[in-house]
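Everything on this sheet refers to the single structure shown next.
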Amino acid sequence: MPLRLLPPTLVDRIAAGEVVERPAAALKEIVENALDAGASRIEIVIDGGGRRLMRVTDDGCGMDADDLALAVERHATSKLDSEDLLAISTLGFRGEALPSIGSVARLAITSRPRGADSAHEIRVEGGVKSPVKPAALGTGTRVEVRDLFFATPARLKFLKSERAETAAAVDAVRRLALARPEVGFTLVTDERAPVTWPARSADASGRRARIADVLGHEVGQNALDIDGRREGARLAGLAGLPTFSKANSLSQYLFVNGRPVRDKVLIGAIRAAYADLLPSDRHPVTALFLDLDPREVDVNVHPAKTEVRFRDPGLIRALIVRTLMDALTTAVPRTASTAADRLAQFARAETMDGYRPQPRPGNYNWTSSWAAPEGASASAPDGFNESPARFDFGAPGGQSGALALDLAPQADARAAHLPAAPDLMERPLGAARAQLHETYIIAQTSDGVVVVDQHAAHERIVYERLKAAMERDGLNRQMLLVPLVVDLDPSDAARLAERAQALEKLGLVLEAFGPGALLVREVPALLGDADVPALVRELAEHAAEWDDALPLERRLLHVAATMACHGSVRAGRRLRVEEMNALLREMEQTPNAAQCNHGRPTFVTLALADIERLFARR
């Protein structure tokens, strides 16, 4: 087959396949043009998922008739001041977006420069350009795209449903709105009421306000402010609490020099920063803004401009990991506020379903963990009184009868016998008041209640101690008076014995003891009276997942997390008031104390207002 030059129309359609793979991509290019034109207000209309109509109207600098004619030509751009491709300060410069869109859709561009007497319009349908003609429009530009891919019907088969395409287009606009808080946005779709995000200031407070506008106030309430610098690069924005996580990474909003990106280096750095705080199937919510010298990043490596390439990716990764870890470590321990909201919603739902305790004639046997009402004919339990108390009340309807309440020891309420110290009530986790089901500590603060999972909390404390000891001078070991023999599957025993040297760094000294058995001679002193055989068996189960590609440090931290789980206060152990308060104080001083090693919350805070909503007092 002989060589031949492709016609310009076909060339444009091939280029459109790279730049405009779906309506959201076309909309992103048009909105970026409006931002680069200096717009302060942008209105976006989407119909039919963007296939039927996309209209973007801005109040930017506008274009005259000559600029309009050039705007639909390939490789024509106003975003390069010189031929230096390394100093890019705009959102894009490829010069292919508008001609590519015009080659596969019906494109109409109307524009009026600031100070001009009139506007002009140009149309492109399936790559065929019409002459520029006068039109009516205020200052700015209006870009209208209709019947996307009508000139390439085969592409329509690869589009998703209208709802899915609308969601993708809205997400593209949402990311651009986050990148430019100083610009006001109005978004109109055929599936929801118009949304307006007012212009905010360009500082940190304006950025936080825009994040709350776009992503919801729940994100702002459950995120930490971050700010870090390293060698000319700066990272700012919001990082979500570990307990406020999602099932995927779509809620990670990343920006490089004001450009929304989905970069593997950045996403990997975020995962590394949260590695000790989240399980592998959960992802944090972030809105991170990275600013650096434009010469240190290549923004033109991807046709859709969604990926970038850093000159020094190690520097960027270190900046992100260290900044996020510092913010998460130094923050006052707190969990996501949504837990209390869900509890309040559950209580309201239960009431709405018509649930009401209805007294009936006869005797009842109820289990309660609370003290008897004043004046009731019973003796209140003292501490852990094992014998139930009996309360006699008048039966319904004035009849003689009895209502018996058996106060079984479901809660340790001994803390109620002592007044809470005022200074402890002002601490973040308050003063211990009771222990429920030998698992949960109830603490009272000056403005609410804190419920603590004692095992999860102590697990985090032990884990952080292990990590600190590893970094400082190694772990102290405790020699067993009589070495323990642990029987395992032969393959598991052999696999764990091969890693004996690495385990020794964590204070666990073991050696092979015949086929299918290990001899444990020493254990970390921090573990106390841990169940050593159970610990070794669990390590053997996980050892199969430690491939050679996993860094030694990550393997050691995984082992440390397992050890912390076995060396922590277990659920079901009764604690004295002094022990509960000591645990609370240590949590306040421990990094990342709001979640355990598995990513579960260690405590839940209920504000007094939340409790009052539960009882319809608000």
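The values are calculated or read from the model by the stated rules, or taken from the named source; none is laboratory data. Model, not experiment: these values are computed from the prediction. All Cβ positions, glycine included, derive from the backbone under ideal geometry; neighbour counts span all protein chains shown.
For (1) modelled with pLDDT of 95 or more; (2) in contact with a Pro (Cβ under 8 Å, 6 or more places away or on another chain); (3) outside any helix (DSSP H, G or I), each residue gets a yes or a no:
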position	(1), (2), (3)
Leu6	no, no, yes
Ile14	no, no, no
Val45	yes, no, yes
Leu80	no, no, yes
Flag if Glu553 is more than 16 Å from Gln478 (Cβ to Cβ), part of a loop (DSSP other than H, G, I, E, B) and modelled with pLDDT under 75 = no
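Take the residues of the stretch 183-208 that are crowded, with 17+ Cβ neighbours inside 10 Å and assigned to a helix (DSSP H, G or I): which is farthest from the chain's Cα centre (by Cα)?
Taking the stretch 183-208 first, the residues crowded, with 17+ Cβ neighbours inside 10 Å are 183-185, 187, 189, 195, 197, 200, 207-208.
Narrowing further to those that are assigned to a helix (DSSP H, G or I): 207-208.
Numbers: Arg207: 17, Arg208: 15 Å.
Only one residue tops the list, namely Arg207.
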Surrounded by 18 or more Cβ atoms within 10 Å (Cβ to Cβ), of a type outside the set (Lys, Arg), in a strand (DSSP E or B) and modelled with pLDDT of 80 or more: does that describe Val482?
-> no
Note on the stretch 37-58: residues surrounded by fewer than 20 Cβ atoms within 10 Å (Cβ to Cβ) and in contact with a Lys or Arg (Cβ under 6 Å, 6 or more places away or on another chain) are Val45, Leu53
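Scan the stretch 445-455 and tell me whether some residue there is among the aliphatic types (A, V, I, L, M) and more than 31 Å from the chain's Cα centre (by Cα).
Among the residues of the stretch 445-455, not one is among the aliphatic types (A, V, I, L, M) and more than 31 Å from the chain's Cα centre (by Cα), which makes the answer no.
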Scan the stretch 237-250 for residues that are in contact with a strand residue (DSSP E or B) (Cβ under 7 Å, 6 or more places away or on another chain) and part of a helix (DSSP H, G or I) and report the count.
-> 1
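Need a quick list: strands (runs of 3 or more DSSP E) entirely within the stretch 371-470 having at least 3 residues that are more than 30 Å from His598 (Cα to Cα) and modelled with pLDDT of 50 or more. Outline the logic, then answer.
Details: elements: 404-406, 431-436, 440-445, 448-453.
By residue number, no strands (runs of 3 or more DSSP E) qualify.
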For the stretch 121-139, pairs from a residue that is free of Cβ contacts under 8 Å to residues at least 24 places away in the same chain and farther than 18 Å from Glu43 by Cβ to a residue that is surrounded by 18 or more Cβ atoms within 10 Å (Cβ to Cβ) and among the acidic types (Asp, Glu), with Cβ under 7 Å and 6 or more apart or across chains, are Lys133/Glu121
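Considering only the stretch 253-268, I want to know if a residue exists there that is in a strand (DSSP E or B), free of Cβ contacts under 8 Å to residues at least 40 places away in the same chain, crowded, with 21+ Cβ neighbours inside 10 Å and in contact with a Lys or Arg (Cβ under 8 Å, 6 or more places away or on another chain).
Keep residues of the stretch 253-268 that are in a strand (DSSP E or B), which gives 253-256, 259-261.
Narrowing the set further to residues that are free of Cβ contacts under 8 Å to residues at least 40 places away in the same chain leaves 254.
Now drop any that are not crowded, with 21+ Cβ neighbours inside 10 Å, which leaves 254.
Applying the additional criterion that residues be in contact with a Lys or Arg (Cβ under 8 Å, 6 or more places away or on another chain) yields 254.
Yes, the conditions are met somewhere in the stretch 253-268.
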Considering only the stretch 295-329, how many residues are outside any loop (DSSP other than H, G, I, E, B) and either at pLDDT below 80 or among the charged types (D, E, K, R) (or both)?
-> 7
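Inside the stretch 269-294, can you point out the residues that are among the basic types (Lys, Arg) and in a helix (DSSP H, G or I)? Let's see the steps before the verdict.
Initially, the stretch 269-294 is screened for residues among the basic types (Lys, Arg), giving 271, 282.
The answer is Arg271, and nothing else.
Among the residues of the stretch 256-280, which ones are within 15 Å of Thr329 (Cβ to Cβ) and hydroxyl-bearing (Ser, Thr, Tyr)?
Narrowing the stretch 256-280 to residues within 15 Å of Thr329 (Cβ to Cβ): 272-278.
Scanning the stretch 256-280 gives a single hit, Tyr274.
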Counted residues, the stretch 279-295 - those being buried (at least 18 other Cβ atoms within 10 Å of the Cβ) and out of contact with any strand residue (DSSP E or B) (no Cβ under 6 Å at 6 or more places or on another chain) | 0
Every listed condition ((1) over 24 Å from Arg460 (Cβ atoms); (2) at pLDDT below 80; (3) surrounded by 21 or more Cβ atoms within 10 Å (Cβ to Cβ)) holds for Val559 save (1)
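Part of a strand (DSSP E or B) and surrounded by 18 or more Cβ atoms within 10 Å (Cβ to Cβ) - does that describe any residue in the stretch 485-495?
Within the stretch 485-495, the subset part of a strand (DSSP E or B) is 485-487.
Filter once more, keeping what is surrounded by 18 or more Cβ atoms within 10 Å (Cβ to Cβ): 486.
Within the stretch 485-495, one or more residues are part of a strand (DSSP E or B) and surrounded by 18 or more Cβ atoms within 10 Å (Cβ to Cβ).
Looking only at the stretch 170-220, count how many residues are aromatic (Phe, Trp, Tyr) and modelled with pLDDT under 95. Lay out the reasoning, then the answer.
We begin by selecting, within the stretch 170-220, every residue aromatic (Phe, Trp, Tyr); these are 185, 197.
After this cut, where a residue has to be modelled with pLDDT under 95 as well, the list is none.
Going through the stretch 170-220 one residue at a time, the tally reaches 0.
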In the set Ala25, Ala87, which member is in the same structural domain as Ala151 (by TED's automatic domain parsing), at pLDDT 85 or above and closer than 25 Å to Arg175 by Cα?
-> Ala25
Mind listing whichever residues of the stretch 153-179 are of a type in the set (A, V, I, L, M, F, W, C), over 17 Å from Met54 (Cα atoms) and not in a helix (DSSP H, G or I)?
-> Phe158
